[in-house]
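These notes concern the structure reproduced below.
The values are calculated or read from the model by the stated rules, or taken from the named source; none is laboratory data. For clarity, every value in this text was computed on a predicted model and none was experimentally measured. Here the Cβ positions follow ideal geometry from the backbone for every residue, glycine too, while neighbour counts run over all protein chains shown. Remember, those area values only see protein heavy atoms, side chains included, never the ligands or the DNA or RNA. Shrake-Rupley method; radii C 1.70, N 1.55, O 1.52, S 1.80 Å.
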Amino acid sequence: MVVSSSARDYINRILQDISGMKILILDSQTVGIVSVVYSQSELLQKEVFLVELVDSISKSNESMSHLKAVYFLRPTSENIQLLRRQLASPRFGEYHLFFSNILKDTQIHLLADSDEQEVVQQVQEFYADFVAIDPYHFTLHVPSHYIYMLPAVVDPSTVQRFSDRVVDGLSALFLALKRRPVIRYQRTSDIAKRIAQEAAKLMYQEESGLFDFRRMEVSPLLLVIDRRDDPVTPLLNQWTYQAMVHELIGIQDNKVDLKSVGKFPKDQEEIVLSSEQDSFFKANMYENFGDIGMNIKRMVDEFQQVSKSNQNIQTIEDMAKFVDNYPEYRKMHGNVTKHVTLVTEMSKIVEERKLMSVSQTEQELACNGGQGAAFEAVTNLLNNESISDVDRLRLVMLYALRYEKDSPVQLMQLFNKLASRSAKYKPGLVQFLLKQAGLDKRTGDLFGNRDLMNIARNMARGLKGVENVYTQHQPLLFQLMESIVKGRLRDVDYPFVGNHFQQGRPQDVIIFIVGGTTYEESRSVALQNASNTGVRFILGGSSVLNSKRFLRDLEEAQRVARSSTTVI
């Protein structure tokens, strides 16, 4: 049950059965779906000589009848309209239409009516309506992402579009995996409940025939939860490779845009970070920053050895050997340059923003008690001129989430200090976060201080000591997976939808976080899967967060809430 290979298999099947020169036509969503599982060189091997967006194709009238057009689109009404116009005056020799999800009968009729010149060779549904960024991690890039934080009455149509896109993504995933799940959701979240119920309605009623796969002894579990149950994880600085790159620079569909952090040669402005295409990254994506530096040094040493042997060309045989090995040499050179560049840039950012000091306090806030010491540490950092505005804001947010009930007076002092020290501070944003994700709103034991088992576990960890102070935090998702493996996920907190209950422990579990996942959580899932407990997990979300994106969603939700007449 690997999401990246499911998506890749679909793209393979789309391209391999159509011989000859092809143009691949995508939309703004499917371009990401394809790019994470298929490289440009692999597309060329399949005789794809052009890749275009469906809306830009409409702007040209140039005939290209020598090319076969392969469309891979989401079945939206906008895409159907664009296709109808393009079929009315066809530019290509053949049209092969593939859709990433279920087509409505009306849409099929519209396309058939538009194909007056009979250029369409086939229309098929290939269920890859999700971006498979890693083997066990997918995302949906849902637009208007902030909307999950607001009641549906504030903007019913945007909430409906958000919900529809998530249900589409989840249904495609289960069609790709050829499974129909039992569905549970977080009781305290209206949006999680809505998505769970709409997904169940689609899979068990509206399209029940499509989901009628061979019965398994135990159905897989789909668990829909809300980001606001763990607002701490997306606020923390990260110190493992993949998560750190996303936090400090940003990763979009496994690509890193370095233009935002400095001037680089043209061929280094955008780099690919994919565990499927880069063996060094695959081996090191979950390693901590200190170990990455050592491992990159080892890779640089190996490369220097290869370079020296290449300089020693004396015979025709040596030359032939060098030419044979040159593509591998170039690839190695590109890989070394890429990882050295990334680690160098991240080291600069860590130093500039004094992130070692900031992160130590963040981890203390997230993992350990001691309110007096925490208040002093946060106050000292707020007074430190070297600390950036965004880091000050995150520290106060973490303190507020941890001690909102314990020290209202000191919390108010921190609010006031934050407002006076940080010019960019948005008044009321910390309070808005508490309203959204404070103690009264959360289901799980976020700080491990409610549940007796968690208190005992934290005490044991404190006695043993922590291997690395910067990576001691574990996301709430870790506890959730542990509960599922041990069969202890409480029905009262995570009820089932309808009368489809779980008989026995599930072997396959898809956890979907409404509001977005983090790379720290996807690391947790990968490590859990590697521990061979007999339960396989896949993590999905409406987006992939870093602290910048989480704060942007929070600000946007606050802005909309203030302008709305509805009381929130």
For a quick check of your reading of the model, give me the residue pairs whose first member lies in segment 1-26 and is surrounded by 17 or more Cβ atoms within 10 Å (Cβ to Cβ), whose second is modelled with pLDDT under 90, with beta-carbon atoms closer than 6 Å and at least 6 apart or on different chains.
Ile25/Ile57
Give Gly334, Gly370 a once-over and let me know the one that is modelled with pLDDT under 90 and exposed (fewer than 13 other Cβ atoms within 10 Å of the Cβ).
Gly370
Taking Ser41 as the residue in question, decide whether it is of a type in the set (Ser, Thr, Tyr), closer than 30 Å to Asp278 by Cα and without any contact (Cβ under 8 Å) to a residue 12 or more places away in the chain.
yes
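Per-residue answers, yes or no, for (1) open to solvent by 20 Å² or more (accessible area, probe 1.4 Å); (2) at pLDDT 90 or above; (3) under 22 Å from Val166 (Cβ atoms); (4) not in a loop (DSSP other than H, G, I, E, B):
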{"residue": "Ala460", "(1), (2), (3), (4)": "yes, no, no, yes"}
{"residue": "Leu463", "(1), (2), (3), (4)": "yes, no, no, yes"}
{"residue": "Tyr470", "(1), (2), (3), (4)": "yes, no, no, yes"}
{"residue": "Phe478", "(1), (2), (3), (4)": "yes, yes, no, yes"}
{"residue": "Glu482", "(1), (2), (3), (4)": "yes, yes, no, yes"}
{"residue": "Arg488", "(1), (2), (3), (4)": "yes, yes, no, no"}
{"residue": "His500", "(1), (2), (3), (4)": "yes, no, yes, no"}
{"residue": "Pro506", "(1), (2), (3), (4)": "no, yes, yes, no"}
{"residue": "Val509", "(1), (2), (3), (4)": "no, yes, yes, yes"}
Please specify each residue of segment 385-444 satisfying the condition of being within 22 Å of Leu476 (Cβ to Cβ) and outside any helix (DSSP H, G or I).
Glu404, Lys405, Asp406, Gly438, Arg442, Thr443, Gly444
Just to check your reading of the model, which residue among Ser208, Ser171 is in contact with a Phe, Trp or Tyr (Cβ under 9 Å, 6 or more places away or on another chain), assigned by the TED database to the domain that holds Phe512 and small (Gly, Ala, Ser)?
Ser171
Does Ile191 meet the test of being in a helix (DSSP H, G or I), touching a strand residue (DSSP E or B) at 6+ places or on another chain (Cβ under 6 Å) and assigned by the TED database to the domain that holds Tyr519?
yes
Evaluate segment 79-92: report whether one residue or more is within 28 Å of the chain's Cα centre (by Cα), open to solvent by less than 10 Å² (accessible area, probe 1.4 Å) and of a type outside the set (Gly, Ala, Ser).
yes
Just checking, does segment 268-279 include any residue being of a type in the set (Val, Ile, Thr), surrounded by 17 or more Cβ atoms within 10 Å (Cβ to Cβ) and over 20 Å from the mean Cα position of the chain (by Cα)?
no
Residues located in segment 226-265, provided they are in a loop (DSSP other than H, G, I, E, B) and polar (S, T, N, Q):
Asn237, Gln238, Asn254
So which residues in segment 88-121 are touching a helix residue (DSSP H, G or I) at 6+ places or on another chain (Cβ under 8 Å) and among the hydroxyl-bearing types (Ser, Thr, Tyr), if there are any at all?
Tyr95, Ser100, Ser114
